[in-house]
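The next block holds one structure in the form of structure tokens; read it before the comments.
Rule-based calculations on the coordinates, nothing more; no lab input. Model, not experiment: these values are computed from the prediction. As a convention, Cβ positions derive from the backbone with ideal geometry for all residues, glycine included, and neighbour counts pool all protein chains shown.
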Amino acid sequence: MKKDEVPVGLITLGCAKNAVDSEYMLAELESAGFRLTENLSEARAIVVNTCAFIQPAKEESIETILEAARFKETGHCEVLAMVGCMAQRYCKELGREMPEVDIFLGFGQEQRRLGEELKAALGLELTSCLKRFSTRVVETANQGWAYLKISEGCNNRCNYCAIPLIRGNLKSRPEAEIVEEAVYLESLGVKELNLIAQDVTAYGLDRGREGALNHLLKSILAETGIPWIRLLYTHPGHLEVSLLELIVENNRLLPYLDMPIQHASDRILAAMGRGVTKKEMLEKIELARRILNRPVLRTTVLVGFPGERKAEFAELVEFIEQVRFDRLGGFIYSREEETPAAALRDSVPRAEKERRLETVLEIQREISAAANASRVGEVLQVLVERPVDSSEAPSPEYLWAGRSSVHAPEVDGVVYLALGPDVEERKIRPGRMARVRITDSGDYDLFGTLEQD
């Protein structure tokens, strides 16, 4: 460590959007002369990037802040900063209730002041250090993948969702800026680019630009050679035929659709303010399966919304069993103040919400297991991510873990890798693309043997 570098801890909670925000903040901190440390006991400042999407996330954020505050007594921490969603939404209240926190910063330009705020709070004059082109320090680049945020905020205004209250209305980033960042990420060795937003299919609509997402994708394809480009979160109401056709025409655009449905009862969908019907969602799913070559469909559902009766829940279950999504995540409804749904009576008891979620996830477990079993015998390209230790490996021959194009990072399963004949382990490393023959499957993970290229 250089003598003028000050150790700082950075804890990230919540979604992929928060992870990208942390990467921007880390670059700002490094340029201000700070050094990231995972050892919080040595950090002179600790920054917690918080989430406030649902009640459990808020509780986790508060607990994490309180745990970090203990390092003021047991470690070297002098300054504790809360940034992100909680700070954006509850700054005034938390300023009164949490004296442990010294700095509150929300989003955007506020976070760009983080280095200056920390220096002032620590009474430091730090020399700036040179930084590379990017304003991000991408911690996953050594594994060959990265997120790329294309917009902020959301205009969909679902009645249960606090995101527009926290992150505001849709604000699409300039295309040139996004493409420039994609080129930079490729220079780091990134082979999988995951485009993220609250709704990627809404990109450009705030600027009155129809087809802006397609144009952006064509520009990224033209300016980079990144082999895997994935779209995460496509709203079913905004999914267009032209996007599906673009995907099928370009094998670098993965036929992976992350399309949260949230529910399948028209009455509940209307109460949620989703702006789409069950019939319309089913038509989009059938369209995707007709146009794309064996697409992977991922979705999210929300159970226990106010007024969800047994009949509506049964309708959701029937829809899941009919469509057979490759991937599915589920959440329990929690009341978020200031949202339209907060005025509704929370009619479903907590225990019943949990039972319904468990039912959905068990159905999906069986669907996922069957989908995985159908891939046994296939040869897939796999992005090698990391070695596995004996406590994780399902059996000793599986030495590495990675993901195929059918697995999105952090939310899907992995491919466990064994070495095939004549494959030298010294040639296997994180960030490498490898041919893998799938030999076995589990509920969520695949197992395979590395083959010679």
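With a point put 7 Å past each Cα toward its Cβ, work out how far ALA351 is from ARG252 in nm, to one decimal.
For the pair ALA351/ARG252, the computed spacing is 5.6 nm.
Which FRET efficiency, nearest 0.05, do GLU451 and VAL411 yield, Cβ-Cβ r, R0 25 Å?
Efficiency, rounded to the nearest 0.05: 0.40.
Points 7 angstrom from Cα along the Cβ direction at GLU210 and GLU60: gap in nanometres?
It is 4.0 nm.
Taking 0.36 nm per residue of sequence separation and subtracting the Cα-Cα distance, how much length would be gained by fully extending the chain between GLU97 and VAL241, in nm to one decimal?
46.8 nm
Give the Cα extents of segment 264-337 along the principal axes, in whole Å, largest first.
The principal-axis extents, from largest down, are 41, 23, 21 Å.
Set the Förster radius R0 to 45 Å, insert the Cβ-Cβ distance between LYS310 and VAL379 as r into 1/(1 + (r/R0)^6), and round the FRET efficiency to 0.05.
0.50
Taking R0 as 56 Å, what's the FRET efficiency between GLU337 and ASP443 from their Cβ-Cβ distance, rounded to 0.05?
0.90
In whole Å, largest first, what are the principal axis extents of the Cα atoms in the chain?
Here the spans come out as 64, 61, 46 Å, largest first.
Evaluate the distance, in nm, between pseudo-label points positioned 7 Å from the Cα of ARG294 and of ARG426 along their respective Cα→Cβ axes.
The two pseudo-label positions are separated by 3.6 nm.
Rg(Cα) of segment 141-372 divided by 2.2 N^0.38 Å?
Relative to the 2.2 N^0.38 Å estimate, segment 141-372 comes out at 1.05.
Cα atoms only, segment 305-444: Rg and Dmax in Å?
That works out to 20.0, 64 Å for Rg and Dmax.
Arrange the peptides 219-225, 5-11, 101-107, 65-71 so that the one whose residues have, on average, the most other Cβ atoms within 10 Å appears first.
5-11, 101-107, 65-71, 219-225
Any chance you could tell me what percent of the C-alpha pair distances in segment 6-122 go past 25 Å?
On the way: 774 of 6786 pairs.
Tail of P(r) above 25 Å: 11 percent of Cα pairs.
Can you tell me the relative contact order of the chain? Whole percent, Cα pairs under 8 Å, sequence separation 6 or more.
10 percent
So what's the projected area for segment 130-229, the Cα convex hull averaged over all directions, in nm²?
Mean projected area of the Cα convex hull: 7.3 nm².
May I have the extent of the alpha carbons of segment 398-453 along their three principal axes, as whole Å values ordered from largest to smallest?
Largest first, segment 398-453 extends 31, 22, 17 Å along its Cα principal axes.
Show the residues, 5+ positions off or on another chain, whose built amide H is closer than 5 Å to the amide H of ARG386.
ALA401
Could you tell me which of rounded, prolate or oblate describes segment 64-188, using a ≥ b ≥ c as the square roots of the eigenvalues of the alpha-carbon gyration tensor, with rounded for a/c under 1.5 and, failing that, prolate when a/b is larger than b/c and oblate otherwise?
oblate
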